[in-house]
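See below for the structure under consideration.
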Amino acid sequence: MSQQSKEIKIFLAQTSSDTNILNQKLSTVLQKAGFKVAISEHLSQEEHTEELMLSHCSVHVIGDFVDQSSQAFLNQDFSLAQEKNSTDENFTIFVWHPETKSKKQVNSAFINQIRNKINQNMIFSNHESAVMFVEDLRGVISVNKAAEYQVKKTEIFLIYNSLDSYNAKEIIEMLQDVSPPETLVIEPSSRTDYEKYIAKQVNNSMLTVVYFKYANEWAIPFMQQIWKISGGASIPGQFLLIASKNTANIQNLEFEAPKTSFKIVDDELIPLEIKVVFDKISKHKHND
Amino acid sequence: MIELSPYPGLRPFTEEESIFFKGRDTHIRKIVQQLEERKIIIITGASGDGKSSLVYAGVIPAARAGFFRTQFNNWLICDFRPERSPLDNLALTLSENLKIDFKNVRDELDFGFSSLIDVYKKSDFYKDANNNDGKGANLFILADQFEEFFTNPENYSDGKASAEAYTAVNLLLETGRIALAENLPVYVVFTMRSDFISQSVVFKGLPEMIGFSQFFVPRLKRHELQMVIEDPAKLAGGKISARLTQVLINELPDGFDQLPLLQHALNRLWIEAKHGKEELDFIHLAQIGGFDRDMLEAQDQNTYDTFFNSLDNKTKTYFQNPKFTNILNLHANFLYDQAYEYVKKLNWLKEKPTREETDLILRTAFKSLTKIDNGRAVRNRVELSEIKYIINKKHVSTETVCAVLNIFRLPGSTFVKPFINEKDIESEILPTKQVLDITHEALIRNWQLLHQWGVEELGYLSDYEDLKIQLLRWIENNQKKSYLLNLGTLSYFENWFEKAKPNDFWIAKNENWALPTNEKRKKAKDVFEHIVDFLKQSKNHLEHQAASKRKLRIILFTASILAILALSGLSIWALNEKSFAQKQQQIAANQSKIALEEKEKAIIAQKTAEEQRILAMDNEKKATMAKLASDSARQEAIFARALAEEQKIIAQLETENALKQKTIAQNERVIAEEQKKIAETQRKRAISASDSAQKLSYLALAQTLAYKVKTKFDDVQLNLLVAYQAFLFNKNAGGFEFDPVIFEGLKYAAELTENESELAKSYNFSNEILATRIINKDKILILYTNGTMAELDAKHKVVKTTNLLEKNDELISSAFIINDSLLVISFDNYVNRLNDFKNEKKYTIEGHTNYIRTATYVPAYKAIITGGRDNKLSYSEFTKNKLKNIHQNNLPDKIKTIDYGKSDNEVWIGLQNGDIYTYHLGKNELVKIKSFKDVRVNTLKIMNNSNYVVAGLSNGHLVFFNKQLKTIENDLFVSYAEINSLSIAEQEDIIAIGLADNTVRIYQTNALGEKPIIISGKFEHIDDIQLSTENSIMLLDNRKKMMYYFLTPNDYAEFVKEKISRNFSTKEWNSIVGKNVPFEKTINHF
């Protein structure tokens, strides 16, 4: 059992009579997988809400034959979970409707109702077995969402390749008057895990600038990757890919993507161009 | 918002699409890390796992973007596929990237070993650490689809690699080794399907490299799948609902094709949602056939209904079974239907094909783009011109073929490569030599129509192989007439020829000859001409024989008529004689009165006798005429002559004894009646001869109809009718009861009704089954891998479970159920145990140092005989509640199978090295019966009633031994695939054979020369087969699924008959059965 699993608490919601045994089995499987389980049926009314609020996620088992009275119980726990889900983005609701080959009348209306309510941070699974379901659950919960790197909010984030260090220094100096930029140099032999850092920093920057002159073969692939890992069109800021007119083979290079502009200017005009773009963004921000 | 789809569909991601390649970030990082450290890596995984995408859209972009610790910023990506000339292809990519003349590179590479590194070092891109002017570049070599080293006969055939292939692999391995040793910025990557790993031993050093640096592409976890689905849409500025994501994840099939199907579905969803302008949701999934309309919310149901009502009737049928796995099938069917209309609109195509020609082109093209490899349909790259030649119609040019296929090459489809680039009009029209390829094998496995074509083609190929055997036999015997085909087989192969329409191109495509193209074609042409000649000569020979028979029939018929007349004359004469004899009697009685009267009477009698003699002579003449006509008529003539002779004697004796004459006259009447019967028989035989001809034509018609079922008529009822009518024709014409073509037609029609619960009963098990045995119709025993023994009733409900494991038991490695109470289990620590679960006793089996593979119980001796992987045969007896090991015998190789016949004194044993032994129980004596070279004896069964022992071999032969004489009585070639299992019915009238190509063949033991019934389907791996007592066969698939099938055409016929609700209309009968065939009501009570 991992230490991490031990710390995670799971709220196992009330279920209908046809899945009671399955629920009990699920509780055991969850514990075997290293989770702490708060079983709704064993809790008093006061403990009920409290335990749900203290849990990292809730699990709701739905069978094929949910009668009216059981629906009420299920809905009650489900509503509580949804309430918590709406305020805590790290709380996940798991709904498990194990697939059966039963040809008898299935409570499809109720199940459709649940399925149509699925939103972010809700998982609807129909695995046949409890072990498969818990495997999935563990995979979802243990995804490391937090990045390791400390980043700070910045207006301009400037990235360049080590081949362009000399020219970049001049640009950085000139940008000090506009807004002191956060900078990153990409070295081919460096051990730094750039991806995670860039992904976080881009989302904390108003304008991310990628500058190149001599590193022409590196720039476009790099731009593609950081656009992707940062979230593409969903980033809060903007990207600016800026190259010198004297870059080799510049006429054959192109890059188009949402929230990205690609500029080719004379060397001496690069800082000015960055400023122009930055000013536009700032203006939009103030007008919003 | 960008218009292009962030989901590529069925094809792999390209490097340009890497921005949308999500879900594999951790895997990319692991591969990059491994490459940084080891310089070389092989990326393996199942087909459809995304190996190529992982490299092209994951690793390479990461490298170019600088997320790869190495010497230079710049990268040279030298990627190639081995195809048919791996060394040329490697040289070409190196030449293009390093900017060195191709010939120079190619010549250098021929030396192998460090040549590739030497070429790199000589280029302008190699710089050492002290001299980096910014032009230096890292070298990334990618050998994609490495399995082509094994699948192309130019690279690998008869278990050996070609010199060129060997050199190519040597270069790649050495490059990795040198790069690591000298810390060069050179990286070597292979992608290969994991099912080819075992073949890597062909190349020295390759297994070691796999052990050194391999990445096995794992299955995506749930959160990774979520990224695959949701992130590309977000990156492209679109949205996808969370509930849709969940449903897609839940509906994904396990196993192959998971990712290609998902990407295809996502691509379709994106397009359906107006290229991401709408949020992708359930309604779009329903509109592409992947979600049930009734599960939509109310307002979406209205939207769906509007959409559905706008479709034509044919397209509506594709939505009958909405589910995730139907999406690709629906899309492909839609394109197939639309192809004709699409082609009609093409301006650049001068001569438009007809609808029938369009269908033919598509069918032939897709069949050409697939081939059979180890019994499975896989992709086959083929030139456009080859397809045209296989079609072999004058006005179908390569342009026409290209135009028809284009609908499958469009950006929204991309089922066939190369794809059409909307920005490049020229990509619409392909050159004659253009090589085409199916984008992914997922299309073959999931497009039902293509699958059917594949099955049909497999059938044609199987028949072609059979015909080749006959042809070869004829040629080897100097083309003797006795080796020509008989009527039945000729009809069969003529039918095949008509259906398959083979030509030399078709043959060349399907043969695995490792020859240059022009030689291959020449050889194929040769074979084709031989086939045509063989069929023609067989036909001529039969016609000649038929002509002779017709003459004979005419003669017979004439003789019959004459004989009838003669006999009628004789009968009349005989009757006349009787009455005359009676009169004579009266005359004779009066003779005593007057001497004169007597004398006169005597004179009269003499005269009469003379007349009778003349009459008899007359009859003799008539009888002689009949004799001349035929043997039987001759018999009659002789008889008539004898009769006449007899009459003569009677007439002479008449005066002496009137009573005697009366008696004789009576005898004559009886004889005359006999003659009449003979003449009648002759007449019937003549009729029967013409009946036979008619029967043969009905048999041929039955075969044709059974084949027609597979063309699949729109109306399910029509399919059922055609199949059942074929069955009736065959039955009424006295055809072979177990005819496989009739069986296949009935089975196919039955499965169209989709009543799976009545047809192929199928039971899934969540736990893996280690061993199973059908005891009787009410009892089935199953041993799971976890050591639980379950007893199931007839309905497969668990009646009883028993845990057979003890506390400290190791894992079970193998098990064998001997009968309804005895079971042998072998554990990982080589402990072997006998469980008597009826009496709840356990015994340790001594005498083995490895797993027990097979066992049998001998009641007469109260003994267990076990055969193990340690080559030992162990004999143990039950004495005083213990199992005592009495004898052990060492055999030359591992024991694969043993069987014991009831009331015998010996056990038969089959070994891995092809030996067959008998073991005499009383004498503890082993005798070698036969040694088969280069084969394994996989399974043995003793037929107690028929006195045979049947052995199933790894070369696909089924050998029958005479149990007493120990000689081979029959050697039946079943298939090129290995025989894995055998099951013989209790009555010993049926033998079922499980083969390594995942098919089961069923023979009637008294008709082994006939073609067998073949059961095939989407099986993963047939582990066991058993004939159940209810005239069905059980297949154990992948150790988790038990499936039952009907065994005989009769069973399917009964089922199909129940489903038929009407008869043929006259129009249908005339069109399908034939105008010249008298109309019949297939089902009498309609």
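Determine whether the stretch B:335-357 contains at least one residue that is among the β-branched types (Val, Ile, Thr), free of Cβ contacts under 8 Å to residues at least 60 places away in the same chain and crowded, with 20+ Cβ neighbours inside 10 Å. Quick ask: steps written out before the conclusion?
Taking the stretch B:335-357 first, the residues among the β-branched types (Val, Ile, Thr) are B:343, B:354.
Retained after the next criterion (residues that are free of Cβ contacts under 8 Å to residues at least 60 places away in the same chain): B:354.
Going one step further and asking which of them are crowded, with 20+ Cβ neighbours inside 10 Å, we end up with none.
Looking through the stretch B:335-357, none of the residues is among the β-branched types (Val, Ile, Thr), free of Cβ contacts under 8 Å to residues at least 60 places away in the same chain and crowded, with 20+ Cβ neighbours inside 10 Å.
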Evaluate the stretch A:243-262: report whether one residue or more is among the β-branched types (Val, Ile, Thr), surrounded by fewer than 16 Cβ atoms within 10 Å (Cβ to Cβ) and either touching a strand residue (DSSP E or B) at 6+ places or on another chain (Cβ under 9 Å) or assigned to a helix (DSSP H, G or I) (or both).
-> yes
For the stretch B:883-894, check the following and say yes or no: at least one residue is surrounded by fewer than 22 Cβ atoms within 10 Å (Cβ to Cβ) and over 26 Å from B:Ile916 (Cα atoms). yes
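Quick check on B:Asp254: is it within 14 Å of another protein chain (Cβ to nearest Cβ), of a type outside the set (Gly, Ala, Ser) and either exposed (fewer than 15 other Cβ atoms within 10 Å of the Cβ) or outside any helix (DSSP H, G or I) (or both)? Reasoning before the result, please.
Working: within 14 Å of another protein chain (Cβ to nearest Cβ): yes; of a type outside the set (Gly, Ala, Ser): yes; either exposed (fewer than 15 other Cβ atoms within 10 Å of the Cβ) or outside any helix (DSSP H, G or I) (or both): yes.
Answer is yes for this residue.
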Note on the stretch B:442-484: residues surrounded by 20 or more Cβ atoms within 10 Å (Cβ to Cβ) and charged (D, E, K, R) are B:Arg445, B:Glu457
Going through the stretch B:497-533 in order, the residues found to be surrounded by 16 or more Cβ atoms within 10 Å (Cβ to Cβ), within 23 Å of B:Glu148 (Cβ to Cβ) and among the β-branched types (Val, Ile, Thr) are B:Ile507
Among helices (runs of 4 or more DSSP H) entirely inside the stretch B:442-509, those with 2 or more residues being assigned by TED's automatic domain parsing to the domain that holds B:Phe528 and over 30 Å from B:Pro260 (Cα atoms) are B:448-476, B:487-500
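Can you say whether A:Pro236 is within 11 Å of chain B (Cβ to nearest Cβ) and either touching a strand residue (DSSP E or B) at 6+ places or on another chain (Cβ under 8 Å) or not in a strand (DSSP E or B) (or both), as far as the supplied structure shows? Explain how you work it out, then say what you get.
Numbers: within 11 Å of chain B (Cβ to nearest Cβ): no; either touching a strand residue (DSSP E or B) at 6+ places or on another chain (Cβ under 8 Å) or not in a strand (DSSP E or B) (or both): yes.
For A:Pro236, the condition - within 11 Å of chain B (Cβ to nearest Cβ) and either touching a strand residue (DSSP E or B) at 6+ places or on another chain (Cβ under 8 Å) or not in a strand (DSSP E or B) (or both) - is not met.
Pick out, from the stretch B:16-121, the helices (runs of 4 or more DSSP H) lying fully within it that include 3 or more residues that are over 30 Å from A:Pro258 (Cβ atoms).
Values: elements: B:25-38, B:51-54, B:60-64, B:86-98, B:102-109.
Helices (runs of 4 or more DSSP H) meeting the threshold: B:25-38, B:86-98, B:102-109.
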query: Looking at B:Ala181, is it without any contact (Cβ under 8 Å) to a residue 40 or more places away in the chain and in the same structural domain as B:Glu37 (by TED's automatic domain parsing)?
result: yes
The residue from B:Ala332, B:Ala365, B:Ala286, B:Ala339 that alone is touching a Ser or Thr at 6+ places or on another chain (Cβ under 6 Å) and either within 14 Å of chain A (Cβ to nearest Cβ) or closer than 18 Å to B:Gln448 by Cα (or both) is B:Ala339
Any residue that is within 30 Å of the chain's Cα centre (by Cα) and under 25 Å from B:Ile1022 (Cβ atoms) - is there at least one of those in the stretch B:710-720? yes
The residue from B:Phe149, B:Phe140 that alone is touching a residue at least 60 places away in the same chain (Cβ under 8 Å) and within 14 Å of chain A (Cβ to nearest Cβ) is B:Phe140
With criteria (1) surrounded by fewer than 22 Cβ atoms within 10 Å (Cβ to Cβ); (2) hydrophobic (A, V, I, L, M, F, W, C); (3) within 14 Å of chain A (Cβ to nearest Cβ), B:Ala57 comes up short on (1)
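Residues that are under 23 Å from B:Lys135 (Cα atoms), free of Cβ contacts under 8 Å to residues at least 40 places away in the same chain and of a type in the set (D, E, K, R): does the stretch A:212-221 have at least one?
Yes, the stretch A:212-221 has at least one match.
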Taking first residues from the stretch B:994-1019 that are more than 16 Å from B:Ser1032 (Cβ to Cβ) and touching a residue at least 24 places away in the same chain (Cβ under 8 Å) and second residues anywhere that are among the polar types (S, T, N, Q) and surrounded by fewer than 19 Cβ atoms within 10 Å (Cβ to Cβ), the pairs with Cβ under 6 Å that are 6 or more apart or on different chains are B:Thr999/B:Ser1016
Filter pass, B:Phe319 being within 14 Å of another protein chain (Cβ to nearest Cβ), among the aromatic types (Phe, Trp, Tyr) and surrounded by 18 or more Cβ atoms within 10 Å (Cβ to Cβ): no
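More than 14 Å from every other protein chain (Cβ to nearest Cβ) and modelled with pLDDT of 90 or more - does that describe any residue in the stretch B:69-79? So that I can check it myself, show each step before the final result.
The initial filter retains those residues of the stretch B:69-79 that are more than 14 Å from every other protein chain (Cβ to nearest Cβ), namely B:78-79.
Now narrow it down to the ones that are modelled with pLDDT of 90 or more: B:78-79.
Scanning the stretch B:69-79, I find at least one residue that is more than 14 Å from every other protein chain (Cβ to nearest Cβ) and modelled with pLDDT of 90 or more, so the answer is yes.
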Over the stretch B:301-326, the set of residues assigned to a loop (DSSP other than H, G, I, E, B), without any contact (Cβ under 8 Å) to a residue 24 or more places away in the chain and closer than 21 Å to B:Leu261 by Cβ is B:Gln320, B:Asn321
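Looking at A:Ser86, A:Ser142, which one is modelled with pLDDT under 85, among the small types (Gly, Ala, Ser), under 17 Å from the mean Cα position of the chain (by Cα) and more than 22 Å from B:Arg222 (Cβ to Cβ)?
Details: A:Ser142 fails: more than 22 Å from B:Arg222 (Cβ to Cβ).
Residue meeting the stated conditions: A:Ser86.
Give the residues of the stretch B:1051-1074 that are out of contact with any helix residue (DSSP H, G or I) (no Cβ under 8 Å at 6 or more places or on another chain) and hydrophobic (A, V, I, L, M, F, W, C), sorted by residue number.
At the first step, the residues of the stretch B:1051-1074 found to be out of contact with any helix residue (DSSP H, G or I) (no Cβ under 8 Å at 6 or more places or on another chain) are B:1051, B:1054, B:1058, B:1065-1067, B:1069-1071.
Listed by number, the list holds a single entry, B:Trp1069.
Please pick out the residue among B:Arg243, B:Arg177, B:Arg219 that is within 14 Å of another protein chain (Cβ to nearest Cβ), assigned to a helix (DSSP H, G or I) and of a type in the set (D, E, K, R). Explain how you work it out, then say what you get.
Values: B:Arg177 fails: within 14 Å of another protein chain (Cβ to nearest Cβ); B:Arg219 fails: assigned to a helix (DSSP H, G or I).
B:Arg243 is the lone residue from the list that is within 14 Å of another protein chain (Cβ to nearest Cβ), assigned to a helix (DSSP H, G or I) and of a type in the set (D, E, K, R).
The values are calculated or read from the model by the stated rules, or taken from the named source; none is laboratory data. Predicted model, so just to flag it, every value in this text is computed and none were measured. Cβ: placed from backbone, ideal geometry, glycine included. Neighbour counts: every protein chain shown.
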